[in-house]
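Trainee: Next up is a structure, given as structure tokens.
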Amino acid sequence: MKIKTVSVKLADCDYDIEIGTGNLSRISSMVSDLSPSKVYLVFDENVECYCQDIQSALKQVGFHPLTLRIPAGERSKTIEQASLVWEFLTRHHADRQSLIVAIGGGVVGDLAGFIAATYARGLPFFQVPTTLLAHVDSSVGGKTGINLKAAKNMVGAFWQPSGVLIDTETLSTLEDREYISGLAEVIKYGVIMDADFFGLLERESIGLKNRDAELLVEVISHCCQLKALVVHEDEKETTGRRAILNYGHTFAHAFETVLGYGKYLHGEAVAVGMTCAAHLAEELQLVPLDFRQRQTDLLQAVGLPVVVEPTELEPLVDVMRRDKKNLGDQIRFILPTKMGHARLFDDVLPDSVIHSALQQVMQ
Ligand code: NAD
Ligand code: GLY
């Protein structure tokens with residue numbers, strides 16, 4: 001069994017992310033090392049089988065984990081669902097040494113992390129992510145939270161896990177569309193931080209699409225390493241460094257909001273958003289001529305969209321004006337400068353330039 005470890009080094013705490021194939025049972029020694037008083041497993045209905053495996057592994061080393069199943073999907077990132085979990089913990093006498101383990105995609109991770117951050121003013125937390133998006137993005141870096149009706153991820157906390165266990169075998173049950181959607185975040189890391197990694201993804205696009213196990217361990221651990229670097233430099237997103245992880249996301253959030261959540265999966269919207277950002281960078285003459293084509297070719301090679309259905313531009317720009325990165329009314333974009341580099345741009349852009357980038361991805 002090939003196992004890789006990525007260390008996340010932060011001002012107040014360090015933790016390890018273990019990445020392997022068929023390594024789920026390692027949960028027993030990773031959790032034992034944390035010596036919790038009790039263990040609570042939070043999972044969603046689509047990952048019950050992994051929760052059972054984890055429960056059995058933990059029982060073998062003397063724990064008696066309590067389990068709490070939540071409904072799958074974004075609808076669980078609400079104050080109502082959070083309240084049900086808080087009440088569950090109270091009924092089952094959670095104390096300050098109790099460990100919350102999140103098993104599932106970004107939804108379970110964000111909700112359970114938020115619970116861990118808030119219950120009894122903070123409990124230890126452990127992540128077992130089971131979607132590709134959660135493997136390479138949401139389980140790393142400590143952002144947790146829930147949605148308000150009008151604003152996604154608006155209430156939350158930075159709350160770092162004590163450890164993360166990634167078993168790529170969990171991806172075997174993930175639907176194709178969800179898996180491919182996660183590849184958008186993988187490609188994003190190459191574009192914004194690592195041209196050599198982008199080259200590897202170009203060469204290995206078929207293996208990537210086919211979920212080649214050995215390749216996945218390499219790719220996921222490299223993404224975690226890149227994200228760990230950024231989070232180390234700017235844990236709480238105060239310097240602008242961490243904001244580069246939002247490449248393509250300003251446009252993506254606008255598509256998701258205006259065209260309706262669920263129509264496009266997050267990664268699909270990010271792929272189109274990255275394409276918009278590349279058009280914008282091209283228009284501003286920030287990137288070499290072949291940049292956008294390379295990015296488009298790779299997104300399409302793994303099955304991601306680079307266009308959306310035509311829609312009115314103003315509602316999209318309205319959403320972009322409410323982006324968390326903005327200063328006042330000014331939309332701030334993460335834009336590439338060459339393959340492997342991106343930065344936060346403060347320049348005020350005329351609406352016509354933003355409209356033009358949006359029009360390029362509408363067919
Ligand atoms: P998700 O958690 O909704 O999972 C997608 C679907 O796959 C769900 O239906 C889920 O039940 C199912 N699923 C999960 N693992 C499975 C498996 N192994 N086999 C079969 N089905 C499985 O969505 P996601 O894409 O993982 O995460 C999206 C969420 O993550 C959003 O709420 C987003 O805001 C959040 N997010 C957070 C961060 C962060 O830094 N905290 C970063 C990116 C995204
Ligand atoms: N997903 C963006 C971040 O963690 O900052």
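Trainee: Just to verify a result, which residue in the stretch 305-316, among those that are outside any strand (DSSP E or B), under 26 Å from the mean Cα position of the chain (by Cα) and of a type in the set (A, V, I, L, M, F, W, C), is farthest from G190 (Cα to Cα)? Don't jump to the end; show me each part of the working.
Mentor: So the first thing to find is which residues in the stretch 305-316 are outside any strand (DSSP E or B), and the list is 305-307, 309-316.
Narrowing the set further to residues that are under 26 Å from the mean Cα position of the chain (by Cα) leaves 305-307, 309, 315-316.
In the following step, the residues that additionally are of a type in the set (A, V, I, L, M, F, W, C) were identified as 306-307, 316.
On the way: V306: 17, V307: 21, L316: 27 Å.
In this case the residue turns out to be L316.
Trainee: I'd like the full set of residues that are open to solvent by 40 Å² or more (accessible area, probe 1.4 Å) and out of contact with any strand residue (DSSP E or B) (no Cβ under 7 Å at 6 or more places or on another chain), limited to the stretch 1-12. Please lay out each step first, then the result.
Mentor: Step one: list which residues in the stretch 1-12 are open to solvent by 40 Å² or more (accessible area, probe 1.4 Å), which gives 1-5, 7, 9, 11-12.
Answer for the stretch 1-12, where residues must be open to solvent by 40 Å² or more (accessible area, probe 1.4 Å) and out of contact with any strand residue (DSSP E or B) (no Cβ under 7 Å at 6 or more places or on another chain): K9, A11, D12.
Trainee: Any residue at all in the stretch 148-156 that is under 15 Å from V107 (Cα atoms), within 13 Å of ligand 2 (Cβ to nearest atom), modelled with pLDDT of 95 or more and open to solvent by 10 Å² or more (accessible area, probe 1.4 Å)?
Mentor: Yes, some residue in the stretch 148-156 is under 15 Å from V107 (Cα atoms), within 13 Å of ligand 2 (Cβ to nearest atom), modelled with pLDDT of 95 or more and open to solvent by 10 Å² or more (accessible area, probe 1.4 Å).
Trainee: Also, I was wondering about something else. Residue check, V302 against (1) within 24 Å of the chain's Cα centre (by Cα); (2) at pLDDT below 95, all met but one. Which one?
Mentor: (2)
Trainee: Within the stretch 224-237, identify whether any single residue is more than 13 Å from ligand 1 (Cβ to nearest atom), at pLDDT 95 or above and in contact with a Phe, Trp or Tyr (Cβ under 8 Å, 6 or more places away or on another chain), and answer yes or no. Steps first, please.
Mentor: Keep residues of the stretch 224-237 that are more than 13 Å from ligand 1 (Cβ to nearest atom), which gives 225-226, 229, 232-234.
With the extra rule that they be at pLDDT 95 or above, the set shrinks to 225-226, 229, 232-234.
Within this subset, residues satisfying the condition of being in contact with a Phe, Trp or Tyr (Cβ under 8 Å, 6 or more places away or on another chain) are 226.
Yes: the stretch 224-237 contains one or more residues that are more than 13 Å from ligand 1 (Cβ to nearest atom), at pLDDT 95 or above and in contact with a Phe, Trp or Tyr (Cβ under 8 Å, 6 or more places away or on another chain).
Trainee: Let me ask you something else. When the stretch 130-153 is examined, which residues are found to be part of a loop (DSSP other than H, G, I, E, B), more than 6 Å from ligand 1 (Cβ to nearest atom) and not hydroxyl-bearing (S, T, Y)? Let's see the steps before the verdict.
Mentor: Filtering the stretch 130-153 down to residues part of a loop (DSSP other than H, G, I, E, B) leaves 130-131, 139-142, 149-150.
Next, from what is left, pick out any that are more than 6 Å from ligand 1 (Cβ to nearest atom): 139-140, 142, 149-150.
Selection gives V140, G142, K149, A150.
Trainee: Next question. Under 7 Å between Cβ atoms, which residue pairs at least 6 apart in sequence (or on different chains) link something in the stretch 221-239 that is within 12 Å of Y189 (Cβ to Cβ) with a partner that is more than 16 Å from ligand 1 (Cβ to nearest atom) and of a type in the set (K, R)?
Mentor: S221/K4
Trainee: Checking M193 against (1) under 24 Å from E45 (Cβ atoms); (2) within 16 Å of ligand 2 (Cβ to nearest atom); (3) not basic (K, R), only one condition comes out false. Which one?
Mentor: If we test M193 against (1) under 24 Å from E45 (Cβ atoms); (2) within 16 Å of ligand 2 (Cβ to nearest atom); (3) not basic (K, R), just (1) comes out false.
Trainee: In the stretch 268-300, which residues are of a type in the set (S, T, N, Q), open to solvent by 10 Å² or more (accessible area, probe 1.4 Å) and part of a helix (DSSP H, G or I)?
Mentor: As a first pass, look at the stretch 268-300 and keep what is of a type in the set (S, T, N, Q): 275, 285, 293, 295-296, 300.
From what is left, the residues that are open to solvent by 10 Å² or more (accessible area, probe 1.4 Å) are 285, 293, 296, 300.
If the condition is that a residue be of a type in the set (S, T, N, Q), open to solvent by 10 Å² or more (accessible area, probe 1.4 Å) and part of a helix (DSSP H, G or I), then Q293, T296, Q300 are the ones that fit.
Trainee: To continue, here is another question. List the residue pairs whose Cβ atoms are under 8 Å apart, where the first residue sits in the stretch 240-256 and is among the polar types (S, T, N, Q), the second is part of a helix (DSSP H, G or I), and the two are 6 or more positions apart or on different chains.
Mentor: T250/G273; T250/A277; T250/M320
The values are calculated or read from the model by the stated rules, or taken from the named source; none is laboratory data. None of these values were measured; they are calculated from a predicted model. So basically every Cβ, Gly included, is an ideal-geometry build from the backbone, and we count neighbours across all protein chains shown. The area values use the complete protein model at the heavy-atom level, side chains included, leaving out ligands, DNA and RNA. Shrake-Rupley method; radii C 1.70, N 1.55, O 1.52, S 1.80 Å.
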